[in-house]
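The values are calculated or read from the model by the stated rules, or taken from the named source; none is laboratory data. Worth saying up front: this structure is predicted, and the values here are computed from it rather than measured. Note: ideal-geometry Cβ built from the backbone for every residue, glycine included; neighbour counts use all protein chains shown.
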Amino acid sequence: MITLFTHIKELIQVENSPKKMVVGKAMKQLPTIKNAYLLIEDATIIDFGEMTNLPPQKPDHCINLEGQIVLPTWCDSHTHIVFAGNRVQEFTDRIHGLTYKEIAERGGGILNSAKKLQQISEEELYQQSAQRLEEIMQLGTGAVEIKSGYGLTKEAEVKMLRVIKKLNKNYPITIKATFLAAHALPLAYKNDKKGYLNMVIQEILPAVAEENLAEFVDVFCEKGYFSVEDTELLLAAAKKYGLKPKIHVNQFHAIGGVQSGVKFKALSVDHLEEMRIKDIESLKNTQTMPVALPSCSYFLGIPYTPAREMIDAGLPLALASDYNPGSTPSGNMNFVVSTACIKMKMTPEEAINAATINGAYAMNLETSLGSICKGKKANFIVTKQIPSFEFIPYSFGNHQIESVYIEGKPI
Ligand code: NIG
Ligand code: FE
């Protein structure tokens, strides 16, 4: 079925052939077409251009979008949306003065989520997670990466990854799975980190690979969690199974995780709230995408990733939500884009590039998503009638979405 969208006020992030990523100064450029048409056939974009150049058409459907803007759906390259219950108690504990670190040391934090997840059935976990997935799709997300890491036993990690696989099968949104068993040290291995890492490498990793449950591997490389040495041990083991790294680094301390990421040709290094000059230098001219998670900084009250410094130094940057029960209980990419502009001084053009094409790159999806390009998936956002695309970040806490198309269908 062919659908033609006409009189689009502005068609955002158009390109004639897919590029890999947008880097440095080029991030200030957001290619757009005013008074545009967009033609899709089933789940694919087949043409677009200026209304004045519209070739004669006999589409099955024609939709007039006067006054409305069309842009690719958000590509959220870092989430943990498969989790059980919530951690609202820790939220109020933090308001009363406890820190994220203190809560974790008392057995809260990731271990709290792991306990909850180990106790519920795969079906219940699926239902809770599906609800979150539907919520983010309504908010304009058309591709998402989801991590394991709240299981911390073979059984529970596999349960999480099977839920991700089932979500991918049942929903039109594109989903990528990441294996994050090295997220925290479970109680059973409290004084035996080596033992846990051996178990992950010798027992869980082969099972995950056997069922083809993940494309990427992640490690929480942080003081009190996993060291650079632990990280490299795990990345090397995962490499043997073909899993590409996307790692949590420099959230609270800069301990050399960025350099490990570069060394292991990580697809992305994420968080980066604490960046040293040498971390920025290490990322130059590499294939590793730095990913900022401003909603996490907002919620925890920790520093924001120094996006300005990084982009001005010539690095690319992607934006993602980090949706999880502890540090970011929100998957709203509209808020992420706003917060990047307001708190990190990214321009609206940079923020949109970071949340679309660069996010797609950070999931290995840049050839099929992240821009309006012939042959790419027909995943796009139709805004309400708004004066310009800058209204998207400007109206923080709200969104300007009228409808979301995923694989050519409104959801
Ligand atoms: O990306 N930093 C590690 N992992 C998550 C939060 C985990 C949690 O608190 O449940 C994050 O912020
Ligand atoms: Fe995270």
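Below is a table of values for the structure above.
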quantity	calculated
Residue in region 93-102 that is surrounded by 17 or more Cβ atoms within 10 Å (Cβ to Cβ) and over 22 Å from S297 (Cα atoms) present	no
First in region 190-218 and outside the structural domain of A237 (by TED's automatic domain parsing), second anywhere and buried (at least 18 other Cβ atoms within 10 Å of the Cβ), Cβ under 9 Å, 6 or more apart	none
F83 vs. criteria crowded, with 20+ Cβ neighbours inside 10 Å and assigned to a strand (DSSP E or B)	no
Given (1) aliphatic (A, V, I, L, M); (2) under 28 Å from F380 (Cα atoms); (3) assigned to a helix (DSSP H, G or I), number of the condition V208 does not satisfy	(2)
Any hit, region 228-245, residues being over 21 Å from G331 (Cα atoms), of a type in the set (D, E) and in contact with a helix residue (DSSP H, G or I) (Cβ under 8 Å, 6 or more places away or on another chain)	yes
Region 352-390, subset surrounded by 23 or more Cβ atoms within 10 Å (Cβ to Cβ) and of a type in the set (F, W, Y), residue farthest from Q287 (Cα to Cα)	F380
Residues located in region 280-300, provided they are more than 19 Å from M346 (Cα to Cα) and of a type in the set (G, A, S)	S282
Condition broken by S148, with the remaining ones in (1) over 20 Å from the mean Cα position of the chain (by Cα); (2) within 15 Å of ligand 1 (Cβ to nearest atom); (3) polar (S, T, N, Q) satisfied	(1)
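Quick grid of which residues meet (1) touching a residue at least 24 places away in the same chain (Cβ under 8 Å); (2) within 16 Å of ligand 2 (Cβ to nearest atom); (3) in contact with a Phe, Trp or Tyr (Cβ under 7 Å, 6 or more places away or on another chain); (4) not aliphatic (A, V, I, L, M):
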{"residue": "I45", "(1), (2), (3), (4)": "yes, no, no, no"}
{"residue": "L54", "(1), (2), (3), (4)": "yes, no, yes, no"}
{"residue": "C62", "(1), (2), (3), (4)": "yes, no, no, yes"}
{"residue": "V70", "(1), (2), (3), (4)": "yes, no, yes, no"}
{"residue": "F83", "(1), (2), (3), (4)": "yes, yes, yes, yes"}
{"residue": "R87", "(1), (2), (3), (4)": "yes, yes, no, yes"}
{"residue": "I95", "(1), (2), (3), (4)": "no, no, no, no"}
{"residue": "I120", "(1), (2), (3), (4)": "yes, no, no, no"}
{"residue": "E124", "(1), (2), (3), (4)": "yes, no, no, yes"}
